[in-house]
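Structure first, commentary second.
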Amino acid sequence: MAEELTRAGLNVVAIDRGPWIDTSTHTPPDVDPDELRWGHRKELLAPPRDNTVSFRNRADQVAAPLRDYGIFELGAGVGWAGFHWVGIAWRFSPWAFEICSKMIERYGLARAEDGELQLQDWGVTYAELEPFYDRFERIAGVSGKAGNIAGEIQNSGDPFEGPRSRDYPTPPLKTLRMMEIFNEATSRMGLHPFTIPAANLSQPYVDPLGVSVGACTYCGFCLGYGCGNYSKSSPQACVFPALMRRPNFSVVTKACVTRVNMIRTSPMWTPTRLPPCVRRWRTRIVSRATPCKA
Ligand SMILES: Cc1cc2nc3c(=O)[nH]c(=O)nc-3n(C[C@H](O)[C@H](O)[C@H](O)COP(=O)(O)OP(=O)(O)OC[C@H]3O[C@@H](n4cnc5c(N)ncnc54)[C@H](O)[C@@H]3O)c2cc1C
Ligand code: SF4
């Protein structure tokens, strides 16, 4: 979002409660596959004590805080989940955006009326979002093969996906032996196996922002790790090198937004209240970003 807004000429100050994290400083090739640090100690994640998620099954229960990560693997720095994610780069299907209408269309109103169908349409359709999916895939350099271009089903790729305006920017990742076995078996069953779209790039690529991304080495240290090879798409790998050079962008790190004040006379939401203990980071990190602006 900061990239879009600064490119449109707006001044943007990004505020993040986490520290600055970057490939070259945190996960260079010799540090990235550190299983103890990233896999076991989960040092790229926000400790549960800092981001307590409470949970209950019923409204009459007391919500107890989670003491371990569980399913909520929140990130701990700028770029957040986009840095330690895996890189599987699906689009939602057209059906998902209109799930309530489509379910009623197919199965009738009966179950919807008795309150069992707790679904809503998104209010935006797949067709409306398609150009933005396409833009994301271009910036992330997603590797894959289209299954449906402008309504025309292709020979390979996902035949059930929504129509896309064009193919992926880079070809699919390699087919490994176990994938070949799976593909052969499922093809014999009349199914349509295909290699999933991945933001782990099959070949070197330069994205529309002019940022170069490397080819994946299939090291396997994606989930919970960075990518020392600059092959897994992330804000760090694909956007920050362009964004950090823009004079109308700066970032404030280790600053937790606790409140957003609305100014009635302005459509803008300004400014945020930061705990005094983190204010000193503002000066420090902004001045660190300053040389990039020159
Ligand atoms: C382990 C893991 C693997 C995943 N793998 C995949 C995958 O393969 N494919 C896929 O499609 N998705 C995957 N996801 C999900 C995907 O990564 C996230 O949905 C996506 O990155 C969210 O991006 P975001 O920018 O919306 O939010 P986030 O990445 O959550 O970023 C939110 C930012 O806001 C900051 N912030 C939050 N609260 C405050 C506050 N009060 N004050 C200041 N700053 C604040 C945070 O520090 C953070 O930087 C995965 C997620 C995880 C955790
Ligand atoms: S080189 Fe490939 S497999 Fe290894 S972390 Fe990067 S994207 Fe993942």
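The values are calculated or read from the model by the stated rules, or taken from the named source; none is laboratory data. Note that the coordinates shown come from a computational prediction; the quantities given were computed from them, not determined experimentally. Cβ coordinates were reconstructed from backbone atoms using ideal geometry, including for glycine residues, and neighbour counts include every protein chain displayed.
If a residue has to be assigned to a strand (DSSP E or B), under 12 Å from P171 (Cα atoms), polar (S, T, N, Q) and more than 16 Å from ligand 1 (Cβ to nearest atom) to count, how many in the range 190-240 make the cut?
The qualifying residues number 0.
Would you mind finding the one in F72, F92 that is among the aromatic types (F, W, Y), within 16 Å of ligand 1 (Cβ to nearest atom) and at pLDDT below 85?
Going through F72, F92 in turn, just one is among the aromatic types (F, W, Y), within 16 Å of ligand 1 (Cβ to nearest atom) and at pLDDT below 85: F72.
Would you mention how many residues in the range 1-40 are exposed (fewer than 12 other Cβ atoms within 10 Å of the Cβ) and in a loop (DSSP other than H, G, I, E, B)?
Adding up the residues that qualify gives 6.
Hey, could you check the range 208-261 for residues that are hydroxyl-bearing (S, T, Y) and more than 18 Å from the chain's Cα centre (by Cα) and say which is farthest from D34 (Cα to Cα)?
Filtering first and then ranking leaves T258.
Can you tell me which residue within the range 41-56, out of those that are under 22 Å from the mean Cα position of the chain (by Cα) and under 17 Å from W85 (Cα atoms), is surrounded by the most Cβ atoms within 10 Å (Cβ to Cβ)?
L44
Please name all residue pairs, on different chains or six or more residues apart, with Cβ atoms under 8 Å, provided the first residue is in the range 81-95 and is on the phi > 0 side of the Ramachandran plot and assigned to a loop (DSSP other than H, G, I, E, B) and the second residue is more than 6 Å from ligand 1 (Cβ to nearest atom) and among the hydrophobic types (A, V, I, L, M, F, W, C).
G87/A198; G87/A199; G87/C222
Here's the yes/no breakdown for (1) away from ligand 2 (no atom under 16 Å from the Cβ); (2) of a type in the set (A, V, I, L, M):
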| position | (1), (2) |
| --- | --- |
| L36 | yes, yes |
| A46 | yes, yes |
| S54 | yes, no |
| V62 | yes, yes |
| R67 | yes, no |
| I71 | yes, yes |
| G77 | yes, no |
| W80 | yes, no |
| W85 | no, no |
